Structures are given as C-alpha cells and as structure tokens.
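Structure first, commentary second.
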Amino acid sequence: MSDLFANENSSNALETPLADKMRPQSLDEVIGQKHLFGDEGPLQNMIISGVFSSIILWGPPGVGKTTIARLLADNSDSHFEQLSAIFTGVGDLKKVFEASKIRRTNSRRTIIFVDEIHRFNKSQQDSFLPFLEDGTITLIGATTENPSFELNPAILSRVQVLVLERLNNTDLLQLLERAESVLGSQINLETDAKTELLKIADGDGRTLLNLIENIISWEISHPLAVKDLSVRLSKRLKKYDKKGEEHYNLISALHKSIRGSDPDAALYWLARILDGGEDPRFIARRLLRMALEDVGLADPQAQSICLYAWQSFERLGSPEGELALAQAALYLALAPKSNASYRSFNLSLDFVKQTGSE
C-alpha cells in the first residue's frame, strides 16, 4: 500500500481540494438525509414526479445543501443559477430575473439557488415574489438559520421548508472511507484516532474532509494516536475568523441555544465567541435582537436586561463587563419565548405594501 505521508510530494495529489473531488455526481452518492431521499421522502417524490417546487434547505454547515440543490437541478433539466446572498445585490438579482423571463418564453424554467438566503434583507427577499408567483423561477434557498425568524412570511408561504440533519458517525465514517478510496490509501491514524476525528468533525462533512486534507499534508511515518492527533489539531480548532464562515456558525449556535432554552449551551458558545476575539458590542447587539425577536412579549423585561448588560459592559470594559453579557445570555435562554410580535409586525408591513392606503 502506498504511503501518502512519506514525503511532501504527496500533497500534489490534491491540486483540487478534496471536498471538490468528493462532491457527489448523483443523488445516490449523497451521504445522509435519508428522510428526504427515502421512498416517502419529499425530494424523492419531486424527482419521481418531475414536479419541482420551491424549497428552503435548513440545516447546519457541511451537510450537503449546495450539492443537493445542484443535483436537483440536474434532475429537472432546468437552468441552474447559483447565487450567494453575501455578494449579490439588487442589481444582480434584476439581471437574473430578466434572464429567467427570457428562458421562460423559450419553455425552459430556471432554478435559482441562493446560499445563505437569510443574509438577504427584506426588500431583496420580496423581489423574488412576483417571479415565484408566475412560475418564472423555482427557488432553492439554503440557510443555517431558522427560516421562521429570518425569512419573510411572504416567502415562507410560497416555499416548503426541509430540515437537513447533521451527519451521524455512521455517515461520517462512510465519508471517511470514501475519501480513502479517492486518495488510494488509508488515513494514517489509529482506529481510536479515526473515531476521535469523526467526533471533532461534529456532524459536518466539509469539516471532516478539510481535516483529512490537513492530515495527509503531515510528514508522519506511523499511525497517529488520539493524543498526537489532538496536539496537532489543537491550534487549528481554536481559530476563529471574525469575517469567515466559522464566525457565523458560532453566532448561529449561540442563537439556537438561546432559542432552544439551553443555558449551558448558551454559555459555552458565548465563551467560544469571546475567546475567539469577537467584539463584545457585536454580541450585545445580537442579544438585544434576540430579546426583541425571540422572547418578545413573553417576557418584556428581557429587553431591559440586555440593554443594562450592554451599558454595564460599556462602563466596565473587558473582561469584567463580559459577565454582564453572560448573565443576559442566561436570562434569555431561561426566559419564555414568543415571536408573535415579530411575526405580526412583519405581516403588517407586508399587508401595507400590498394594499397601500386603501
């Protein structure tokens, strides 16, 4: 068996990122999400019937949202347009919609895939509505955030929300074995270390492939044990890019912990974010937003608690003032939840837009 770890030239085999090499070419190759692709699964039914409706794929990072969207388009014989909500403006959307209208006159539909669709503001989301209504486009949105909170009710009423699950250890092991097959060699880890690697990936397939790519670049002559693997990966795992995807992943985890009324998890993710160097004022703003949108009138005091925590931080600074943010996060996690006022206000805004001053 060839040893990929014997010399530095082994990295030449990965001129293309491993995640790209491993991207499924058919829906049969998708790992996990059996509840969507099983005999009674909604996506399987779409494929069999040939009728594709607009959907929102909601799930954590690294579970295949982008891949699934592209493969659905391949099975529908539609034009596929991929957009990122981070880099797409209103002008870009207008061009895409105009091109979609032209295709429709030629009897071809357009599937528009929007990654991070929750990053679009309300007006950007609303711009999709007329084209969804007249059938010019089919929308596939991907988000790590709860669509009920982050997407306009008008959009939600026109799409089906499908929940993607984190990959379990069986799924991750299948992905690891497939990676070994593509690489032509086993990952140079002891069995326990491989198990630990799956644990570190935490249900994220992309993270697992990135870790594997990292490992095969090491010059090692013997299988690594768990301790050696942990030491080598420790610096990498603690990185926190305030402008990158991990930034939003951790903020999302904090938000979900509070929405799920899990105080222990809320403190953990808050500590991770602060340890990574995030501006505490950004966290204070997010906590205040959670108080308004997620707790609402179920506990109006939550808004005051978050404002006081923000003021306390401004007076004390770091690290003492961070305790005030921690207490605010705990309060929100333990508070009753209601998004009724948030949703009702958005519905009222939509109604005013539709009816004007009539």
Being crowded, with 20+ Cβ neighbours inside 10 Å and of a type in the set (G, A, S) narrows it down to one residue among A340, A326, A298, A291; which is it?
A291
Name the residue, out of S181, S127, S107, that is polar (S, T, N, Q) and on the phi > 0 side of the Ramachandran plot.
S107
With respect to S257, is the statement that it is closer than 28 Å to Y342 by Cβ and either touching a Phe, Trp or Tyr at 6+ places or on another chain (Cβ under 8 Å) or at pLDDT below 90 (or both) true?
yes
Is it the case that some residue within region 19-31 is at pLDDT 85 or above and surrounded by fewer than 11 Cβ atoms within 10 Å (Cβ to Cβ)?
yes
Subset of region 89-98, residues of a type outside the set (A, V, I, L, M) and either exposed (fewer than 13 other Cβ atoms within 10 Å of the Cβ) or free of Cβ contacts under 8 Å to residues at least 12 places away in the same chain (or both), comes to G89, G91, D92, K94, K95, E98
Near pairs, Cβ below 7 angstrom, 6+ apart or cross-chain, from region 326-352 (without any contact (Cβ under 8 Å) to a residue 24 or more places away in the chain) to any residue that is crowded, with 19+ Cβ neighbours inside 10 Å and part of a helix (DSSP H, G or I)
Q327/A309
Residue match in region 59-80 (condition: free of Cβ contacts under 8 Å to residues at least 60 places away in the same chain, among the aliphatic types (A, V, I, L, M) and touching a Lys or Arg at 6+ places or on another chain (Cβ under 8 Å))
no
Residues that are under 25 Å from A253 (Cβ atoms) and of a type in the set (D, E), drawn from region 177-216
E196, D202, D204, E213
F80 being at pLDDT 85 or above, on the phi < 0 side of the Ramachandran plot and outside any helix (DSSP H, G or I):
yes
Residue count for region 175-194, restricted to those that are surrounded by 15 or more Cβ atoms within 10 Å (Cβ to Cβ) and of a type in the set (S, T, Y):
1
Among the residues of region 313-348, what is the count of those that are under 18 Å from H255 (Cα atoms), assigned to a helix (DSSP H, G or I) and of a type in the set (D, E, K, R)?
2
In this structure, does S148 turn out to be out of contact with any strand residue (DSSP E or B) (no Cβ under 9 Å at 6 or more places or on another chain) and either without any contact (Cβ under 8 Å) to a residue 60 or more places away in the chain or among the hydroxyl-bearing types (S, T, Y) (or both)?
no
The condition from (1) basic (K, R); (2) at pLDDT 90 or above; (3) surrounded by 14 or more Cβ atoms within 10 Å (Cβ to Cβ) that R285 misses is numbered (3)
May I ask you to list pairs of residues, at least six apart or on different chains, whose Cβ atoms are under 6 Å apart, with the first in region 253-278 being at positive phi and the second being assigned to a helix (DSSP H, G or I) and crowded, with 19+ Cβ neighbours inside 10 Å?
S261/A333
Residue, nearest to A329 (Cα to Cα), within region 270-282, restricted to residues that are surrounded by 15 or more Cβ atoms within 10 Å (Cβ to Cβ) and aliphatic (A, V, I, L, M)
L270
Here, strands (runs of 3 or more DSSP E) confined to region 85-186 with at least 1 residues that are among the acidic types (D, E) are 110-115
Do we have any residue at all in region 56-77 that's exposed (fewer than 12 other Cβ atoms within 10 Å of the Cβ) and closer than 22 Å to H118 by Cα?
no
What about A142, is it within 30 Å of K194 (Cβ to Cβ), touching a Lys or Arg at 6+ places or on another chain (Cβ under 6 Å) and not basic (K, R)?
yes
Quick check: is even one residue across region 96-114 modelled with pLDDT under 90, more than 25 Å from the chain's Cα centre (by Cα) and basic (K, R)?
yes
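The values are calculated or read from the model by the stated rules, or taken from the named source; none is laboratory data. Bear in mind that the values here come from a model prediction, so they are computed numbers and not experimental data. So basically every Cβ, Gly included, is an ideal-geometry build from the backbone, and we count neighbours across all protein chains shown.
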